[in-house]
Amino acid sequence: MALYILYLWATIGVGAPNSWATSILAGPAAFVPIAVYLGLGIALAVRPGTARTGAGMLIGLGIFLLLGGGLCVGALAQTRI
């Protein structure tokens, strides 16, 4: 849930018609929260004291990708051309 909140908070301006959304960085900005989360999860997973937390974060990232992809495909399947 925290990754969804982080992702939506960080990319709130991508869909809005403002100067930041039309810049060249609007596309790659969508991947920054995921990269930060992945880096933090790996960093925590390699340390013995926080290995369980890091592993949980990495598992959560997999669930995020599965659920996000499913929601995206579901939304695209409902659109009419």
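The values are calculated or read from the model by the stated rules, or taken from the named source; none is laboratory data. The structure presented is a predicted model; accordingly, all values stated were derived computationally and were not measured. In case anyone asks, the SASA skips ligands and DNA or RNA and just uses the protein heavy atoms, side chains included. Shrake-Rupley method; radii C 1.70, N 1.55, O 1.52, S 1.80 Å.
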Multiply the residue separation of I5 and I59 by 0.36 nm, subtract the distance between their alpha-carbon atoms, and state the gained length in nm to one decimal. 17.8 nm
Using a 1.4 Å probe on heavy atoms of the protein chains only, the accessible area for R47 in Å², nearest 10, reads 150 Å²
